[in-house]
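The values are calculated or read from the model by the stated rules, or taken from the named source; none is laboratory data. As the structure is a computational prediction, the values presented were derived from the model and not from experiment. Heads up, the Cβs are rebuilt from the backbone with ideal geometry, glycines too, and the neighbour counts pull from every protein chain shown. Protein only, heavy atoms only, side chains kept; ligands, DNA and RNA dropped before computing areas. Shrake-Rupley method; radii C 1.70, N 1.55, O 1.52, S 1.80 Å.
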Amino acid sequence: MFLNRQDPEFAKIFEVVDALPLDDTHCHLVTDRDAITSTKRFLERISLAGYPFPKYFPEGVYHRWLNGDEATKYELNRKYDIQAKVDGMTYHLSQSIFIKFLTKELAQFLDCEPVLDEVIEARNDKGRDYWSYINSLFRDVKYENIMLDTGYNESAGGPAIDAFEQAILPCRTHRIARIEQIQAEFFNLDISFDEFEERFIARLIENMDGTGNYGKRSVGMKSYLLPYVGLIRPLYDRKPAADSWRALRKSYSEISKMEREAAFNITKDLRRYTFTLALEECLKRDMPMQIHTGDGEAPEVILRNQDPFYLEEVVRFDKDNMMRMPKIIPLHAGYPSVGKAAWLSHLYPNCYFELSIMTPHVHQSLYTRYKQVLEAVPISKILFASDNYHVPELFWLAGRWGKRYLSKALTDYVIGGSLTFEEAIEAARMILHKNNRILYNLSNV
């Protein structure tokens, strides 16, 4: 366990913070498909570069290669050079400080030598009872609530979500629905715009108030619109949306072959309109809207579109000369534009700041990033999160490193006289769990 034993104030603060409960305000499903893995596959699954890797090849090619027999792999490698690309990506990741640090940390938890191959071997041994291993990771960093974005689940479906939620008990799960997943149910249908609109709204309400989110209700919504369109202007006019729907119908069979920006432009007004409908419903229910910001997922999305300042019109949500200001959560700390996301949250009282992806991927520099955030954002609006995907270790690393480097940042404020010890501990409580419970109306949890 990391402790700067020459800094007694840090040790005092960290001891208390490390014992605090933890809520994750934005994360994704873990299935059992990674229970037994290889070093190279683990690197691919934990990597932000590996996350969208299938998009480097024509539709379906990568999964055919991954799951094919030797003859299939040979033929696809000959045509697309897949293995060499995977080797290059995983090699470079293996040489990152993130993975070298992760190896040492997991070796402590798994009680093995701090060598990545041995860590994976020890992990595979735990993987024979994978759900118990996942539960031990959750308990170690004291997760009590997670807000699960079900919109990305690798097509695993409801039973896999239920299995994961059962596995992490006593940590409680609260589901977030994604607008794009609702859209996807209807975008391929040859129906009128009126029928699309009616069916979209019905499914949206079912997700919010009924059992539409894989058998349960949602406590919030998530949008992935920003990477598609950049600046989001709410759209109340049905006509541009109807025109966009008709354009989609004409080009649907060809849209997957188009240059990405041209494809996004076809559905831009339709997506803006359905986003606006969803945000209206969130406003009625005092329900937060998470919006993908910063981060990456190239080459599928357009990186330059993900600037946090492109959310200002959404945060305002102007209508009839009134700023109505729904609860907006730009995700992923706006990383790498952390300062912009922090300043947007500073200026607009309904805009929150969420720490995921930066936590845990920035690791040691979280200390300075947390100070950058705390300088601008009120403590009452900062939300801990991991954006965990694929493998459960990201949950654990986010909790372990988040508590460590938050303690280090708060220590500076105590030593400098900005905070008392008690105020620093209360700040940690707010960031690590209290703010999430208030924002999502989980105060009785």
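Per-structure values
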{"item": "Residues that are assigned to a helix (DSSP H, G or I) and touching a helix residue (DSSP H, G or I) at 6+ places or on another chain (Cβ under 8 Å), drawn from region 407-422", "result": "SER407, LYS408, ALA409, LEU410, THR411, ASP412, TYR413, VAL414, ILE415, PHE421"}
{"item": "ALA156, sole failed condition from (1) at pLDDT below 95; (2) surrounded by fewer than 14 Cβ atoms within 10 Å (Cβ to Cβ)", "result": "(2)"}
{"item": "Per-region count, region 92-133, residues in a helix (DSSP H, G or I), among the β-branched types (Val, Ile, Thr), free of Cβ contacts under 8 Å to residues at least 60 places away in the same chain and farther than 16 Å from ILE36 by Cβ", "result": "2"}
{"item": "Enumerated helices (runs of 4 or more DSSP H) restricted to region 272-363, each holding at least 1 residues that are among the hydroxyl-bearing types (Ser, Thr, Tyr) and crowded, with 24+ Cβ neighbours inside 10 Å", "result": "338-347, 358-361"}
{"item": "Selection within region 189-244 - aromatic (Phe, Trp, Tyr) and out of contact with any strand residue (DSSP E or B) (no Cβ under 8 Å at 6 or more places or on another chain)", "result": "PHE193, PHE196, PHE200, TYR228"}
{"item": "Hey, LYS100 out of contact with any Leu (no Cβ under 9 Å at 6 or more places or on another chain) and among the basic types (Lys, Arg) or not", "result": "no"}
{"item": "Checking TYR236 against (1) assigned to a loop (DSSP other than H, G, I, E, B); (2) surrounded by 15 or more Cβ atoms within 10 Å (Cβ to Cβ), the condition it does not meet", "result": "(2)"}
{"item": "Filter result (outside any helix (DSSP H, G or I), of a type outside the set (Phe, Trp, Tyr) and open to solvent by less than 10 Å² (accessible area, probe 1.4 Å)) within region 364-386", "result": "VAL377, ILE382, LEU383, ALA385, SER386"}
{"item": "Checking ALA160 against (1) closer than 29 Å to VAL30 by Cα; (2) part of a loop (DSSP other than H, G, I, E, B); (3) in contact (Cβ under 8 Å) with a residue 12 or more places away in the chain, the condition it does not meet", "result": "(2)"}
{"item": "Residue within region 193-204 that is farther than 23 Å from ARG33 by Cα, β-branched (Val, Ile, Thr) and either open to solvent by 20 Å² or more (accessible area, probe 1.4 Å) or assigned to a helix (DSSP H, G or I) (or both) present", "result": "yes"}
{"item": "Any hit, region 70-81, residues being closer than 24 Å to TYR389 by Cβ and surrounded by 14 or more Cβ atoms within 10 Å (Cβ to Cβ)", "result": "no"}
{"item": "Filter result (crowded, with 16+ Cβ neighbours inside 10 Å and outside any helix (DSSP H, G or I)) within region 53-69", "result": "PHE57"}
{"item": "Any chance PHE264 is assigned to a helix (DSSP H, G or I), surrounded by 15 or more Cβ atoms within 10 Å (Cβ to Cβ) and not small (Gly, Ala, Ser)", "result": "yes"}
{"item": "Near pairs, Cβ below 6 angstrom, 6+ apart or cross-chain, from region 290-316 (acidic (Asp, Glu)) to any residue that is in a helix (DSSP H, G or I)", "result": "ASP295/HIS332; GLU300/LYS55"}
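Table: residues versus (1) charged (D, E, K, R); (2) surrounded by fewer than 18 Cβ atoms within 10 Å (Cβ to Cβ); (3) more than 24 Å from the chain's Cα centre (by Cα).
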residue: GLU180; (1), (2), (3): yes, no, no
residue: GLN183; (1), (2), (3): no, no, no
residue: ASP190; (1), (2), (3): yes, yes, yes
residue: GLY212; (1), (2), (3): no, no, no
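Conditions tested, residue by residue: (1) over 20 Å from PHE309 (Cα atoms); (2) within 28 Å of the chain's Cα centre (by Cα).
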residue	(1), (2)
ASP237	yes, no
ILE255	yes, yes
LYS268	no, yes
ARG271	no, yes
ILE291	no, yes
